[in-house]
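Peer 1: Please read through the structure below; I'll follow up with questions.
A short reminder: the numbers here are calculations on the coordinates, not readings from a lab. Note that the structure is a prediction, hence the values are computed from the model and not measured. Here the Cβ positions follow ideal geometry from the backbone for every residue, glycine too, while neighbour counts run over all protein chains shown.
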Amino acid sequence: MTEHLVFLDRSTLQAMVRRPAFDHTWEEFPATSAAQTVERLRNATIALTNKVPLRADVLTQLPKLKLIAVAATGYDVIDVVACRERGIAVCNIRNYAVHTVPEHVFALTLALRRSLMEYRADVERGRWQQAEQFCFFDHPIRDLYGSTMGIFGGGTLGQGTATLARAFGMRVLFAEVNPGKTSGGERTPMDQVLAESDVISMHCPLTPATRHLIGAEQLRQMKRSAILINTARGGLVDENALVTALKEGWIAGAGFDVLTTEPPRNGNPLLDLRLPNFILTPHVAWASGGAMQILADQLIDNVELFIQGTPQHVVT
């Protein structure tokens, strides 16, 4: 049988994507809107998607579809329950950004802990030229050594972040996000992690149970000197509550690489923040050249192994 593969949003992946080693036809589109999805997948047996949603109303119109290969680790754009009901397999990408995401976490962390944004702005304004001595201390500079990092999510990226944290001499606490779940090593009660951490880094998947995991109540539990880093999914944090927390000084700062809706065409409260203790990057923590190539290679590996009858990284 000739498989028909359709890549719905090829432009989201800047890497070489090899063609599968089995009889197939291939279509790819730079991007696909919701209105275009059904027509483009009508004859597809395998769909490749990064961020194009595939919900129940779409899936019911695609009787030929048997595999959705997600070009990402997070698969919240896929209705996995509907896929299970229709016998459609879903596979995702694992362990591809094990270095690039943790490095981005610490780029944000170091910039915030050492007030780099404020000092750079001061130099640009001529503050250094006017200083009475060789330097000035207008903003706090806090070491990572001896501080505590709280990590929400004990998977590969959380563990990779923990490795870097320990290399900086930090104490690491993994939060107990799902009480009773024992996999992934020792967990610390969430309230304790919030109260004791100097840096909190989010690495859990976005599910109904984790949506707004960090809200006003949790932000108030954090140290006033603490910072919050989110390179996972925007919906993990209540963005309106974060705006209030930063403006009112509940926490010292935040570094985000994700928003609840991406791209934020209709705005987002975090886009309007003009605070030196908040850094927002456009969902690029994962996107080093090396990481994207690993992702692209694994994407096709997943498809080939599924066709061979030995699927890997299946989520449903």
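Peer 1: Taking the chain as the reference, fit the longest principal axis to its C-alpha atoms, fit the long axis of helix 156-167 to the helix C-alpha atoms, and give the angle between the two in degrees, 0 to 90, nearest 10.
Peer 2: 30 degrees
Peer 1: If you add up the charges near Phe29, with Lys and Arg at +1 and Asp and Glu at -1, over every other residue whose beta carbon is less than 12 angstrom from its beta carbon, what do you get?
Peer 2: Working: positive: Arg10, Arg40; negative: Asp9, Glu27, Glu28, Glu39.
Net charge around Phe29: -2.
Peer 1: Let me ask something else about it. Explain nothing, just the number: dipole magnitude of segment 100-280 about its Cα centre with +1 on each Lys and Arg Cβ and -1 on each Asp and Glu Cβ, in debye rounded to the nearest 20.
Peer 2: Details: 18 positive and 19 negative charges, 24 e Å.
Taking the Cα centre of segment 100-280 as origin, the dipole is about 120 debye.
Peer 1: Next question, about the same structure. Semi-axes of segment 100-280's equivalent ellipsoid from the Cα gyration tensor, sqrt of 5 times each eigenvalue, largest first, rounded to whole Å? Before the final figure, lay out the partial values.
Peer 2: Working: eigenvalues 160, 78, 39 Å².
The answer is 28, 20, 14 Å, longest axis first.
Peer 1: Taking the DSSP beta bridges in the chain as the whole, what percent of them are antiparallel, to the nearest 5?
Peer 2: If I count the DSSP bridges inside the chain, around 5 percent turn out antiparallel.
Peer 1: Here's another thing I want to ask about it. Compute the angle between helix 100-113 and the longest alpha-carbon principal axis of the chain, please, reported from 0 to 90 degrees and rounded to the nearest 10.
Peer 2: The helix 100-113 is inclined about 20 degrees to the chain.
Peer 1: Tell me the angle of helix 239-248 to the major Cα principal axis of the chain, expressed in degrees between 0 and 90 and rounded to the nearest ten.
Peer 2: 10 degrees
Peer 1: Given H placed 1.01 Å from N in the peptide plane, which residues other than close sequence neighbours of Ala71 have an amide H under 5 Å from its amide H?
Peer 2: Thr49, Asn50
Peer 1: What list of whole percents do you get for P(r) of segment 189-299, with Cα-Cα distances grouped in 5 Å bins up to the one holding the largest distance?
Peer 2: For segment 189-299, the binned pair fractions read 2, 11, 22, 23, 19, 11, 7, 4, 1, 0 percent.
Peer 1: Next up: So what is the diffusion coefficient of the chain in µm² per second by Stokes-Einstein at 37 °C and 0.692 mPa s, using a Kirkwood Rh over Cα pairs?
Peer 2: Result for D is 155 µm²/s.
Peer 1: Something else now. What 222 nm value per residue comes from the helices of the chain, counting each DSSP H run with n ≥ 4 as -39,500 (n - 2.57) and dividing by all residues, nearest 500 deg cm²/dmol?
Peer 2: Working: 10 runs with 97 residues, N = 316.
Value at 222 nm, helices only, nearest 500: -9000 deg cm²/dmol.
Peer 1: If you keep only loop residues by DSSP, which GluC sites (Glu not before Pro) in segment 127-230 have at most 14 other Cβ atoms within 10 Å of their Cβ? It would help to have the intermediate numbers written out before the result.
Peer 2: Working: sites: Glu132, Glu176, Glu186, Glu196, Glu217; in loops: Glu132, Glu186.
Answer by residue number: Glu132, Glu186.
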